[in-house]
Structures are given as structure tokens and as C-alpha cells.
Amino acid sequence: MKSALSLASPKNLNRILRPTFISHRTHFVLAIRGIYPTSLVFGSNIAGHRYVRLRVMASSFKPEEARVPPAVPLPTPPVTKFKIALCQLSVTPDKERNIAHARKAIEEAVEKGAQLVLLPEIWNSPYSNDSFPVYAEEIDAGGDASPSTAMLSEISGRLKITIVGGSIPERSGDKLYNTCCVFGSDGKLKAKHRKIHLFDIDIPGKITFMESKTLTAGESPTVVDTDVGRIGIGICYDIRFQELAMIYAARGAHLLCYPGAFNMTTGPLHWELLQRARATDNQLYVATCSPARAAGASYVAWGHSTLVGPFGEVLATTEHNEDIIIAEVDYSVLEQRRASLPLTKQRRGDLYQLVDIQRFNSQ
């Protein structure tokens, strides 16, 4: 696949350009043939000089080339409507209590009709670099080596639901990750997302946190097909990087789930803003789930777990205390919004491209 830039490189100009000059007295315009189909528009400027300009036809914008490889058509979801639960949980230093508490919240959410349950970031452990190595679990080993995911597996299979299991510290060899596990209605692990963008920030006088002191960054975007549609997974700081969300949209995601624990500095400014931006830019649903706020903790979460629709509208949210938000996701709205604002057909593949490296290298 050649980009517009490669086609227009100096060594190609003489070979591919067939110029036609259209003049009126001393005024002329160069119409480039061979690259863009064009139509001519005649008129006069303010000074009365006649001019000829080129109108580039929409088909020459090459919207299908704005995503490399080309975007996957939005797949037909297995359900049109379903209820999602965002379980904003309090987190304590007692790991067994945190696991039992999450189990109870999931059961309550299902009693209220939820088919998809989303848990917070780092729900089984305090959020600190000191805690991550202590609370980390060997997810791949399962069983007693990972009691948090063992609970998620058991309850998802027993209640026949899909769980996006927030995130927990994961130990793999000599490395630690911030990891989200997705379990299907059969209780099996369907996907594992390791946080790609580590939370390393320093806002003088406000907050300093360096996840990279203990954690290793993940290396792969995660899109998973579930009983409630195709879901793209990110964790907290991942939401700041629109490229990841764009890749998920290009892979045909219906919904993006971000367990996250924004803080009291960035939360009021950016938490809702970023969710609405990711949903609006990509015309899909975005769901987030935060831990409840614990005022005495070393890291204080903002809370405000939220569901945003594909028009950027906040469909459901809460404050900072413990809560279980139940809201409806209606995938039929995706097509309505995309028909009203046909962004995928209006992109300028002749000017820019987003390359999904993983998909590109797998071809």
C-alpha cells in the first residue's frame, strides 16, 4: 500500500503526473491528473479577476486508507441491549476481605440484571508501589496462586455473566504488571490486558507517582469478543492515549472498558473529559470503574465511575462513595450515530494514517 506522500515523492513526479494547464490571460492553475479525480470550478475573486480552482472529489480523500490495515467493519453484536454494572468498591489492606467484598458486589449486580460487570483498577490491593509486590498474584498459575482471579472465574461461570475484572497486580517471573482479566460466561479466561502506559507523573505541589518503579508496561492492545459484544480494554492511564482507542475502534470494538483510579488532582479536570472524548472520537460506548474514595489512604481515588454513549453523552455516573451503577447499553445507537456523523467515510487517508503495528505485522 503506497501513501499519498510516497506517490508524490520527487522521483515519482515525472513518471506519474500528467499536468494540464488551464489559463485565462496570465492566470492559470495546474490540474494534477493521475492522483486525484477532480472537478473544475470557475469564478471571480474580489478584484474581478477570473480564476479556476480545483475541487477534490470526496472519493479522492481515501478514507479507507486512514487506517492501516483498513478498519474492520463493525461486527454484528450477539446482543443489541444489555445491562452493565460498574462496581465502585472500597479497597482495604485486607486482601481476603477485598475478594469477598467484590464477590458480593458482583452477585448484587447480577440480581439487578447485569450481564456485564466491570470492577475497579487495583481492587484487591492498596494502590501503592509498596503494596504491588506484596499483593501480586501469578494469574497464569491460577488456583491458590491467584485467589482474586479464581473468584472471578468461579462466579462468572456460576452466574453466566461476562466480567471485566478491573485490575490486580500480576507477578510473572521477575516482573510485575497491572493486569485486567476478562472472564466469559463459561468461567474461562478470555483475555488478559497488561497496562500499556504506566502512570508516571509529577505535578509539583500536587501529586507524584511512578508506577515504573515497580511495574512493567504491557506490550499488546487487547480486544476481546464476548457474549455482550467486542470490547477493547485499557487501564486508567491508557485512556489518555487516543491512539489506543482508535486502534480498538478500527478493530471493530463496540465498547471500551477502562478500570481506572484517577486521583484528586487529575480526576476533577480530566476523568469525565477523557471518557467523553474517547467515546465521541470513536463513536462507541466507554465504561469506566474507579475504586471508592478512601480519604485516609496514601493514594486517594477520585471515584465517579461512568458510562458514556457514542455521542459523548454521560448515561450514568456516581459520586465518590461505594456504589453499584446499573445502566443499559444499546448497540443500535452506534449505527444511528455513525449514520448521522459518517466520520469513517470522511477521514483524509490522503493526509494522515493510523497504523496498527500489531495487525500490520501479522499480515
Relative contact order %, the range 57-178, counting alpha carbon pairs below 8 Å whose residues are six or more apart: 25
Calculated FRET efficiency for the pair Glu319/Lys104, C-beta based, R₀ 22 Å, to 0.05: 0.60
Quarter of Cα convex hull surface for the range 144-206, i.e. mean projection, nm²: 5.9
Ser90 - accessible surface, heavy atoms, 1.4 Å probe, Å² rounded to 10: 40
Karplus (6.51, -1.76, 1.60) ³J(HN,Hα), θ = phi - 60°, over the range 181-191, in Hz, Gly and Pro reported as x: 10, 10, 10, x, 5, 9, x, 8, 5, 9, 6
Shape parameters for the range 261-363, alpha-carbon atoms, Rg then Dmax in Å: 17.2, 53
Å² per residue, accessible surface of the range 179-336 at 1.4 Å: 37
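May I ask you to derive the relative contact order of the range 103-232, considering only C-alpha pairs under 8 Å and at least 6 residues apart, and to give it as an integer percent? Walk me through the intermediate numbers first.
On the way: 250 pairs, mean separation 27.0, N = 130.
Relative contact order, the range 103-232: 21 percent.
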Nearest-10 value in Å² for the accessible area of Val223, using the 1.4 Å probe: 50
Segment Leu341-Ile357, length gained on full extension (0.36 nm per residue, minus Cα span): 3.0 nm
Nearby lysines by direct alpha-carbon distance to Lys195 (threshold 25 angstrom, same-chain neighbours under 8 apart not counted): Lys95, Lys175, Lys206, Lys213
Viscosity 1.306 mPa s, 10 °C: Kirkwood-radius Stokes-Einstein D of the range 138-280 over Cα pairs, µm²/s: 100
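Percent of accessible area on the range 59-150 owned by carbon and sulfur, 1.4 Å probe?
52
Taking all protein chains in place and a 1.4 Å probe, what share, in percent, of the accessible surface of the range 186-312 do carbon and sulfur account for?
Ligands and nucleic acids excluded, carbon and sulfur give 52 percent.
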For the range 72-203: rounded, prolate or oblate by the Cα gyration tensor [a/c cutoff 1.5]: prolate
Val314 - accessible surface, heavy atoms, 1.4 Å probe, Å² rounded to 10: 60
Virtual spin-label span in nm between Ser332 and Ala295, 7 Å along Cα→Cβ: 4.6
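Would you please classify the overall shape of the range 224-307 from the alpha carbon gyration tensor, given that a ≥ b ≥ c denote the square roots of the eigenvalues, rounded means a/c under 1.5, and beyond that prolate means a/b larger than b/c while oblate covers the rest? If you can, show how the numbers build up before the last one.
Details: a/c = 2.58, a/b = 1.88, b/c = 1.37.
Prolate is the answer for the range 224-307, as a/c is 1.5 or above and a/b outweighs b/c.
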From phi via Karplus (6.51, -1.76, 1.60), per-residue ³J(HN,Hα) for the range 223-240 in Hz, x at Gly/Pro: 10, 9, 8, 10, 5, 10, x, 8, 10, x, 10, x, 10, 6, 4, 4, 5, 6
Exposure rank, largest accessible area first [Phe241, Phe209; 1.4 Å]: Phe241, Phe209
Sequence of Glu137, Glu328 when ordered by accessible area, the most exposed leading, probe 1.4 angstrom: Glu328, Glu137
For the range 237-324, share of DSSP beta bridges that run antiparallel, in % to the nearest 5: 60
In nm, spacing of pseudo-spin labels at Ala145 and Ile203 (7 Å Cα→C-beta vector): 3.9
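The values are calculated or read from the model by the stated rules, or taken from the named source; none is laboratory data. Since this is a predicted model, take the numbers as computed values, not measurements. With ideal geometry, Cβ positions are generated from the backbone for all residues, glycine too; neighbour counts draw on all protein chains shown. Note: accessible area is taken over every heavy atom of the protein model, side chains too, but ligands, DNA and RNA are not part of it. Shrake-Rupley method; radii C 1.70, N 1.55, O 1.52, S 1.80 Å.
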